[in-house]
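Visitor: Structure below; questions to follow.
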Amino acid sequence: MDQLTSPLHNWHQSAGAKMADFGGWDMPIEYPQGFHTAQPGGVIAEHTAVRERVGIFDVSHLGKIEVTGEGALAFINAMVTNDLNRIADGSAQYNLLCGEHGGVIDDLIVYRRSATDLFLVPNASNCAAVFATLSTHKPAAVTLKNAHMNYGVLALQGPLATKVMADLGIDTSFDYMAFSEGVLPSHPELGSIIICRTGYTGEYGFELIPSWESAPKLWELLLNSVVALDGRVCGLGSRDTLRTEMAYPLHGHELSLEIMPVEASAGWAISFDKGDFLGRGALVAAKEAGVKRRLRGLKSLDRGIPRGGMVLLNADGQEVGVLTSGTFSPTLKVGIGLALMDPSIKVGDQLTLDIRGRVSTVEVVQTPFVPSHVR
C-alpha cells in the first residue's frame, strides 16, 4: 500500500526534511541546517526551540472522526474511559478506548461541541480500528464519519506560542483543553478552524485544525511568525523526545491492546464511577486483583541511553521490567526512559540494563522528568 501524505507533504520535501513512516503516513522526522536559520538543525535544536521559544509541527496524520446525532454524547461516553459529562460544550478531554479485555485500542482526544456533535482525534495508525469499534456499537440515531483526510492538524507549542497567535489576531484567553471554532477575521478565506489549548510537549500551546485544503496557507502564516521569534519548524523526532520528558504515553509503547491503562499510570483518565463503558469489567478486575507491573520513569546514572525493548535487571540479576520508551533528554542532557516494571520497585531504586553488551545503571525517578508548563 502506498504511504499517505499530509497536505504539507510537498512543503516538507522542499524544505529537505528527513521523512519516515508513521502509522502509514510519510511524515517529517527533522529538518536540516540552514532551512530558516544559520544555526544547526536536527532533533535537539527543534526540541530546545519548543522548550525555550516556540515550534510548529505538522501532525495532520492524526485521525479525525465526527460523531453526530441524537444520543452522540451518551454513546461515546459509554465507549471511552473518561467522563464526558464532567466537561462542558467547547471543551476537549483526553480519553482511552479499551477493548473488552481492558487493553487499549487507542488513546484519543474528544472535542465536545454539543450533546449531539463530537469530534474525535485518535492516533493515525489506530483511526480505522477506532472507527470500526465505534461502528460496531453505535445506536441507529448516531452517525459516524471518518474524516481523516478532511482536516489538517498543526501544533504550535512553546512559551512564545501566544505571540504567534496574536500576530493572526486570535484571542488566546481560553483555558487549558478548551477550544474555539470559527473563521479568523483577518483571514476568512481559510474557512472555519478549530483551535484548542492543548498539545503533546508539556509546553503552553495550541493545536489548530483547519480544512485539508486550508492547511498549507495557515501553515505559512504561522511559520512567518514562528521564524520571526527565532522558533523552529519541528519534526516528529523532537515531538517524541518532548513527550518522553513529560512521560506522556504513546500508543504502541506505553499503551496497547496488551497493556492496560491501570498498569500504565493512566488510571487518572478512567472514571469508574460514571457507569458502564467498554472494558470496564476487565479494568475493575485488574485494579482489584492488583497490577503485576507498573509504569515508572528511569534516569541514567552514566552515559547510557535507554531504548525501548531493553530489559531491566535488579541487583540479583533478575529481570524486573522492560523499557517501553527511551531517549536522550535534550533538556536534562542525560538518558531517560519509561518502563513497565514490578510494582515492588520504588522511586530511588537502582537497576541495570544491557546496552550493546555494556552494563548501564539507571535510577527509578518521579515523572514528569521536567516541569509541565501547559497551563
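Visitor: Taking only pairs six or more apart or across chains, which ones have beta-carbon atoms under 7 Å, a first residue in the range 263-275 that is under 11 Å from Pro249 (Cβ atoms) and touching a residue at least 40 places away in the same chain (Cβ under 8 Å), and a second residue that is surrounded by fewer than 20 Cβ atoms within 10 Å (Cβ to Cβ) and hydroxyl-bearing (Ser, Thr, Tyr)?
Guide: Note: pairs meeting the criteria are Ala269/Tyr94.
Visitor: Shifting gears a bit: Since Gly237 meets every condition but one in (1) crowded, with 18+ Cβ neighbours inside 10 Å; (2) over 30 Å from Asp167 (Cα atoms), which condition does it not meet?
Guide: (2)
Visitor: Working only within the range 50-66, note down all residues that are assigned to a strand (DSSP E or B), surrounded by fewer than 21 Cβ atoms within 10 Å (Cβ to Cβ) and either assigned by TED's automatic domain parsing to the domain that holds Glu203 or β-branched (Val, Ile, Thr) (or both).
Guide: none
Visitor: State yes or no: is Ser225 of a type in the set (Gly, Ala, Ser) and either in contact with a strand residue (DSSP E or B) (Cβ under 7 Å, 6 or more places away or on another chain) or over 29 Å from Ile87 (Cα atoms) (or both)?
Guide: Spelling it out, Ser225 is indeed of a type in the set (Gly, Ala, Ser) and either in contact with a strand residue (DSSP E or B) (Cβ under 7 Å, 6 or more places away or on another chain) or over 29 Å from Ile87 (Cα atoms) (or both).
Visitor: Hey, does the range 209-225 have a residue that's more than 25 Å from Asn150 (Cα to Cα) and either touching a residue at least 40 places away in the same chain (Cβ under 8 Å) or not charged (D, E, K, R) (or both)?
Guide: yes
Visitor: Let me ask you something else. Pull up the range 135-153, narrow it to residues that are small (Gly, Ala, Ser) and touching a residue at least 12 places away in the same chain (Cβ under 8 Å), then point me to the one that is surrounded by the fewest Cβ atoms within 10 Å (Cβ to Cβ).
Guide: Applying the filter and picking the extreme gives Ala141.
Visitor: Give me the residue from the range 203-226 that is in a helix (DSSP H, G or I) and of a type in the set (A, V, I, L, M, F, W, C) and, out of that set, surrounded by the most Cβ atoms within 10 Å (Cβ to Cβ).
Guide: In the first step, residues of the range 203-226 are kept if they are in a helix (DSSP H, G or I); the result is 215-226.
Remaining after also requiring of a type in the set (A, V, I, L, M, F, W, C): 215, 218-219, 221-223, 226.
On the way: Ala215: 24, Leu218: 23, Trp219: 23, Leu221: 17, Leu222: 23, Leu223: 17, Val226: 27.
Residue satisfying both the conditions and the ranking: Val226.
Visitor: Let me ask something else about it. Out of all the residues in the range 329-351, which are out of contact with any strand residue (DSSP E or B) (no Cβ under 9 Å at 6 or more places or on another chain) and basic (Lys, Arg)? Reasoning before the result, please.
Guide: Within the range 329-351, the first condition is being out of contact with any strand residue (DSSP E or B) (no Cβ under 9 Å at 6 or more places or on another chain), and the residues that meet it are 330-331, 333.
Scanning the range 329-351 gives a single hit, Lys333.
Visitor: Checking the condition over 18 Å from Gly63 (Cα atoms), at pLDDT 95 or above and surrounded by 15 or more Cβ atoms within 10 Å (Cβ to Cβ), which residue from His12, His36 passes?
Guide: The unique qualifying residue is His12.
Visitor: Criterion first (in the same structural domain as Ser225 (by TED's automatic domain parsing), modelled with pLDDT of 95 or more, of a type outside the set (S, T, N, Q) and buried (at least 22 other Cβ atoms within 10 Å of the Cβ)) does Leu156 satisfy it?
Guide: Numbers: in the same structural domain as Ser225 (by TED's automatic domain parsing): yes; modelled with pLDDT of 95 or more: yes; of a type outside the set (S, T, N, Q): yes; buried (at least 22 other Cβ atoms within 10 Å of the Cβ): yes.
Considered against the rule, which asks whether it is in the same structural domain as Ser225 (by TED's automatic domain parsing), modelled with pLDDT of 95 or more, of a type outside the set (S, T, N, Q) and buried (at least 22 other Cβ atoms within 10 Å of the Cβ), Leu156 comes out as yes.
Visitor: Which of the strands (runs of 3 or more DSSP E) found entirely inside the range 241-329 contain at least 2 residues meeting this: of a type in the set (Val, Ile, Thr), modelled with pLDDT of 95 or more and buried (at least 18 other Cβ atoms within 10 Å of the Cβ)?
Guide: The strands (runs of 3 or more DSSP E) meeting that bar are 319-329.
Visitor: Let me ask something else about it. Of these, Glu181, Glu254, which one is of a type outside the set (Val, Ile, Thr), touching a residue at least 24 places away in the same chain (Cβ under 8 Å) and outside the structural domain of Pro28 (by TED's automatic domain parsing)? Talk me through it step by step, then tell me what you get.
Guide: Values: Glu181 fails: outside the structural domain of Pro28 (by TED's automatic domain parsing).
Matching residue, one of Glu181, Glu254: Glu254.
Visitor: In the same structural domain as Trp219 (by TED's automatic domain parsing), modelled with pLDDT of 95 or more and touching a strand residue (DSSP E or B) at 6+ places or on another chain (Cβ under 6 Å): does that describe Glu46?
Guide: yes
A quick yes/no check of all residues on (1) over 21 Å from Ser125 (Cα atoms); (2) part of a loop (DSSP other than H, G, I, E, B):
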| site | (1), (2) |
| --- | --- |
| Gln13 | yes, no |
| Asp21 | no, no |
| Pro28 | no, no |
| Pro40 | yes, yes |
| Ala45 | yes, no |
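Visitor: Under the condition of being without any contact (Cβ under 8 Å) to a residue 12 or more places away in the chain and farther than 23 Å from Asp240 by Cα, which residue from the range 330-375 is surrounded by the most Cβ atoms within 10 Å (Cβ to Cβ)?
Guide: Taking the candidates together, the pick is Val359.
Visitor: Can you tell me which residues in the range 275-326 are closer than 12 Å to Leu338 by Cβ and hydroxyl-bearing (Ser, Thr, Tyr)?
Guide: Once the filter is applied, which keeps residues that are closer than 12 Å to Leu338 by Cβ and hydroxyl-bearing (Ser, Thr, Tyr), the range 275-326 yields Thr324, Ser325.
The values are calculated or read from the model by the stated rules, or taken from the named source; none is laboratory data. The structure presented is a predicted model; accordingly, all values stated were derived computationally and were not measured. Ideal geometry is used to build each Cβ from the backbone, glycine not excepted, and the neighbour counts take in all protein chains shown.
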